[in-house]
Amino acid sequence: MRKPVMIIAAASAIAVVLGSMSFAPVALANSELAATGKKIAENRKKGNCFTCHSYKGSHLAGNIGPPLVAMKARFPDKAKLRAQIYDATKANPHSMMPPFGKYGVLSGKEIDAIVEWTLTL
């Protein structure tokens, strides 16, 4: 009876190790994507987010848009945040935020990167 218990324990330990290894590249990829998103967001020819929004680390930030703080709490659904950046006028027709995706200012991949960065704030 001890042998099956030992086999199950060993299999569980292997599963835990393999499972934790599979998450490491995802976390790294998300942090790299977030770093790329920050660069795009601060690029004056692309996102230019700090013109209207303030956020930790921004220099001479604007105050037209809401501050980018507690973004995970404000946007628990990543798809809603992505939709907001893609075209804010869909949720609020009177929004002053440019529809970055709708007008092709930012590509889908660039918006995804900005979403990852924004969720770190």
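The values are calculated or read from the model by the stated rules, or taken from the named source; none is laboratory data. Model, not experiment: these values are computed from the prediction. We place every Cβ from the backbone using ideal geometry, glycine too, and count neighbours over all the protein chains shown.
Couple of notes before you dig in:
- Count - residues of segment 68-121 that are in a loop (DSSP other than H, G, I, E, B) and surrounded by 12 or more Cβ atoms within 10 Å (Cβ to Cβ): 17
- Residue check: Lys46 meets all listed conditions (1) at pLDDT 95 or above; (2) in contact with a helix residue (DSSP H, G or I) (Cβ under 7 Å, 6 or more places away or on another chain) but one, namely (1).
- Pairs where the first residue, in segment 95-114, is of a type in the set (Asp, Glu) and the second is surrounded by fewer than 17 Cβ atoms within 10 Å (Cβ to Cβ) and at pLDDT 95 or above, C-beta under 7 Å, 6+ apart: none
- Of the residues in segment 18-36, at least one is modelled with pLDDT of 80 or more and either in contact with a Phe, Trp or Tyr (Cβ under 7 Å, 6 or more places away or on another chain) or in a loop (DSSP other than H, G, I, E, B) (or both).
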